[in-house]
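Scroll down for the structure; my scribbles are underneath it.
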Amino acid sequence: MGNKRYRRKKFSSLYLWHRYTGLLAAVFVIFISLSGIALNHTDDLALKKKHLSSNFLLDSYNIQAPTWTRQFKTKQYTVTQADDLLFINSNEAMAIDSMLAGAIEFNDFLLIALTNTVLLIDADNQLVETLGTLNGVPANINRIGSTSDQQIHLLANDQIYRLTEALSFQKTTVDEQLHWASQEPLSKTALKAINQRYKSNIISLETFMLDIHSGRFFGAYGVLLFDLIAVILIFLAFTGVIIWIRQSLKHRQRD
């Protein structure tokens, strides 16, 4: 009688462990399944274009503020560089690989001068064309400006270049005064805002989902966590088989 009570108590304890570890594993399996489904539809969900903005999550990735910023303003545009990202007004960031030298409006376009290239931006803030060496754009651009009659000029290596109607640059000399785009200082509020925008454009949702799905987000403990979940799933499979066998034997004895 005592042995039966002991076995019943032991079986009941096993059943409880199976139940509660099953609930824990179910949460994990659901989470992994949902993240896996999201990763299978990266393009449809535009996960590459969306980025983390939560300071808590960004701090988990140790994302720092940019090391330096530069800003130029025109009548309609605010152009800011934060390290290797370029921001035009409140639009999405654009990756660049050289320093911002200035920005100036030209007809219905915005011309942005970088060290070795000139970007042509339309009224919808879309990049229309990138002018480079094939267009006569010199290296080491220092400034971009215009004359009173809206002739666009570049200053590079102490030489002035003029933009032609064919969207190419030629060496020239200028007798009249040029109005160069000048760098604008950033207020503390503006600097804080651009720092946040910069940090919020580093980690895409696709990267975040991949890190969560693989456990890399949790660092060194991620591997241990996934090992623990694997042990729990093995335990559930093992105890599930035992419970099924015990229940089957009971039914047979009753029959």
Problem - Filtered residue count, the stretch 38-50, keeping only those that are surrounded by 11 or more Cβ atoms within 10 Å (Cβ to Cβ) and either assigned to a helix (DSSP H, G or I) or touching a Pro at 6+ places or on another chain (Cβ under 8 Å) (or both) - result: 4
Handout entry: Contacts under 8 angstrom Cβ, first residue in the stretch 168-192 being closer than 23 Å to Y77 by Cβ and surrounded by 11 or more Cβ atoms within 10 Å (Cβ to Cβ), partner charged (D, E, K, R) and modelled with pLDDT of 90 or more, 6 or more apart
Key = F169/R162; W180/R143; A181/R143; Q183/R70; E184/K73
Completion exercise
Restricted to the stretch 51-70 and to residues being polar (S, T, N, Q) and over 27 Å from A101 (Cα atoms), the residue surrounded by the most Cβ atoms within 10 Å (Cβ to Cβ) is S60
Practice task
Determine which member of the set F218, F235, F208 is free of Cβ contacts under 8 Å to residues at least 24 places away in the same chain and aromatic (F, W, Y).
Solution key: F218
Practice task
Please work out if A123 is of a type in the set (A, V, I, L, M), buried (at least 19 other Cβ atoms within 10 Å of the Cβ), closer than 28 Å to L163 by Cα and touching a residue at least 12 places away in the same chain (Cβ under 8 Å).
Solution key: no
Exercise for the section: Return the total of residues in the stretch 224-255 being among the β-branched types (V, I, T) and at pLDDT below 70. Expected result: 1
Practice task
For the stretch 96-111, indicate whether the set of residues that are of a type in the set (S, T, N, Q) and closer than 26 Å to S204 by Cα is non-empty.
Solution key: yes
Exercise for the section: Take the stretch 133-160 and flag every residue that is touching a residue at least 12 places away in the same chain (Cβ under 8 Å) and out of contact with any Phe, Trp or Tyr (no Cβ under 8 Å at 6 or more places or on another chain). Expected result: T133, A139, N140, I141, N142, T147, S148, Q151, A156, N157, Q159, I160
Problem - All positions within the stretch 36-48 that are of a type in the set (G, A, S), under 17 Å from the mean Cα position of the chain (by Cα) and within 12 Å of H213 (Cα to Cα) - result: A38
Fill in the blank from the handout: Subset of the stretch 60-81, residues hydrophobic (A, V, I, L, M, F, W, C) and modelled with pLDDT of 95 or more, comes to F72, V79
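The values are calculated or read from the model by the stated rules, or taken from the named source; none is laboratory data. Values in this document were obtained by computation on a predicted structure and should not be read as measured data. All Cβ positions, glycine included, derive from the backbone under ideal geometry; neighbour counts span all protein chains shown.
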